[in-house]
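Right, one structure below, let's go through it.
The values are calculated or read from the model by the stated rules, or taken from the named source; none is laboratory data. Just so it is clear, the model here is predicted, and its values are computed rather than measured. Cβ coordinates were reconstructed from backbone atoms using ideal geometry, including for glycine residues, and neighbour counts include every protein chain displayed.
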Amino acid sequence: MKLLIIEDDIAISYTIARVMRDEGYEVMECHNGEEGLHHALYGEFDLIILDIMLPKVDGFTFIQETRRRIVDTPILCLTAKDGLSDRVKGLTIGADDYVVKPFEIPELIVRVKVLLRRYGKVNQEEQLSCGPIAIQVRTRAVTVMGEELTLTEKEYELLEYLLMNKEQIVTKEQIYNRIWGLDSEAGIGIVELYVHYLRKKLSLWNADQFIRTVRGLGYRLRINE
């Protein structure tokens, strides 16, 4: 999946790009509307994240021009907190969704995934599994060796993220950004605590061993050494 991020605030653009790359997306960044419009018209992207207040070509003009040129790529707008009229206008002329600044990273990630799913850009797996551990994505049901396992919301999100990246190393920073978000008041030590909680519950089936600590890097969910 390839995303086009058009945001003139370099820090915000960098943060979004980093998080989306952590989620497995390919990302291109543009910092003005003119450059972004060129890439939207002549490139191939699965979703566009668009700031409304842009230099050279503003977000509204961008939306109107892409839709006029029959570019149907989903557009997720970034708007100001007090910009109700901007949100209404953006959706009216062809945007697909919006996120209000300052936004929470987990919300942005979810909205991106929902838009991609809505427009058939992804085929979400019905089940994620690793050895005896399985989750049903739509119902959030978790089983180990066929027996039901009850998890809290954060425990489930942690297990789901590990399953989505099974056999791969995920850092504490990636987990923290994905589940708690950059604006969370919880420190990054919360990741280690929830890994402990999850392991403790999985230990009833001796399945805690599948969450491996990779010293100095993070964690990896795998069956075999």
Every residue from segment 159-185 that is farther than 17 Å from Val19 by Cβ and not basic (Lys, Arg) = Leu159, Leu162, Leu163, Glu167, Ile169, Glu185
Note on segment 132-146: residues part of a loop (DSSP other than H, G, I, E, B), at pLDDT below 90 and either crowded, with 16+ Cβ neighbours inside 10 Å or not charged (D, E, K, R) (or both) are Val137, Thr139
Within segment 78-105, track down each residue that is modelled with pLDDT of 85 or more, in contact with a strand residue (DSSP E or B) (Cβ under 8 Å, 6 or more places away or on another chain), over 15 Å from Leu54 (Cβ atoms) and charged (D, E, K, R).
-> Asp96, Asp97
Could you please let me know if Ser184 is in contact with a helix residue (DSSP H, G or I) (Cβ under 8 Å, 6 or more places away or on another chain), free of Cβ contacts under 8 Å to residues at least 12 places away in the same chain and either of a type in the set (Ser, Thr, Tyr) or crowded, with 20+ Cβ neighbours inside 10 Å (or both)?
-> yes
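Residues in segment 190-225 that are among the aliphatic types (A, V, I, L, M) and touching a residue at least 40 places away in the same chain (Cβ under 8 Å): how many?
9
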Please indicate, with yes or no, whether at least one residue in segment 158-181 is over 17 Å from the mean Cα position of the chain (by Cα), touching a residue at least 24 places away in the same chain (Cβ under 8 Å) and assigned to a helix (DSSP H, G or I).
-> no
